[in-house]
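Derivation of every value follows stated rules applied to the coordinates shown; laboratory data play no part. These figures come from a predicted structure and were not determined experimentally. Neighbour counts are summed over all protein chains in view; Cβ atoms, including those assigned to glycine, are modelled from backbone coordinates with ideal geometry.
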Amino acid sequence: MRPTAPLLIAVLAIVGAVIGYTMWGQHQKLQQERAVTALVADTTTQLRQALTATPTREMFSRIDGNLRSLKAPRQPELADAAEHYILGAREIVRRRLDAARFAQQAAAGRRALTAHMNAAGGSRRGEAWFRAALDLKKKVEREHFELDVTLKALYELLGSLPDAEKRLAPRIQPALLLDERLGAQAREQARADAERAAAELEKVRRLAEAR
């Protein structure tokens, strides 16, 4: 028995709807892939600038905005990999900003403590002088602790970024990700900065103990 004309029309309509839905789904997947790729590329640009120049709040805000804009329900694996990469980049820039701030505060604290220790001879040092010296030393210790914690966190974050890049590499052009050498250089710089800050702290500790 041949299908009636209405049944044939219904079947064709269903087939057409399925084809249309499939094509629309493919279109959405392509659009989402392009959107995610653009967010990753912009994140890399901001991160590269933050590692090669003075980081700014604008760089952090830009990457944070990229993370908030990341939506790709038809590309879940790509979106998940991109989220890890962008999140890592955001936290690296955050630590870079914090490290710069803490380094300035620590340097100012060391100068203040050194100036105080050199300001008066032994005969002029009363209870107020010793109390001020103790307060300044505590402040320097606290600021250096915060700087050390931040630099160590930055070191670890830079070390974990390549893992996030590996997840993205099969899905995004490698040129859109942070260059491995730049990341390694920034990591080494964080380690060197931590060592230098510790040495500076030790200097003022010896000065305070000697006086």
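Descriptive notes on the structure:
- Residue order, fewest to most beta carbons within 10 Å, for 40, 149, 204: 149, 204, 40
- Sorted ascending by nearby beta carbons within 10 Å, beginning with the fewest, 117, 59 become 117, 59.
- Candidates 199, 88, 108 compared by Cα position along the dipole of region 5-210: farthest toward the positive end lies 108, with charges placed on Cβ.
- Put in order of Cβ neighbour count within 10 Å, fewest first, the listed residues 92, 172 become 172, 92.
- Basic side chains Lys and Arg get +1 at the Cβ, acidic Asp and Glu get -1 at the Cβ, and with that the dipole of region 76-211 about its Cα centre reaches some 900 debye.
- Cβ-based charge dipole, region 92-211, positive-most Cα from 128, 176, 97: 128
- Note, ³J(HN,Hα) from phi for region 169-179, Karplus 6.51, -1.76, 1.60, rounded to Hz, x at Gly and Pro: 3, x, 10, 9, 4, x, 5, 8, 9, 5, 4
- The share of Cα pairs per 5 Å bin across region 5-210, counted from zero up to the longest distance, runs 1, 7, 12, 13, 11, 9, 8, 7, 6, 6, 5, 4, 3, 2, 1, 1, 1, 1, 1, 0, 0, 0, 0 percent.
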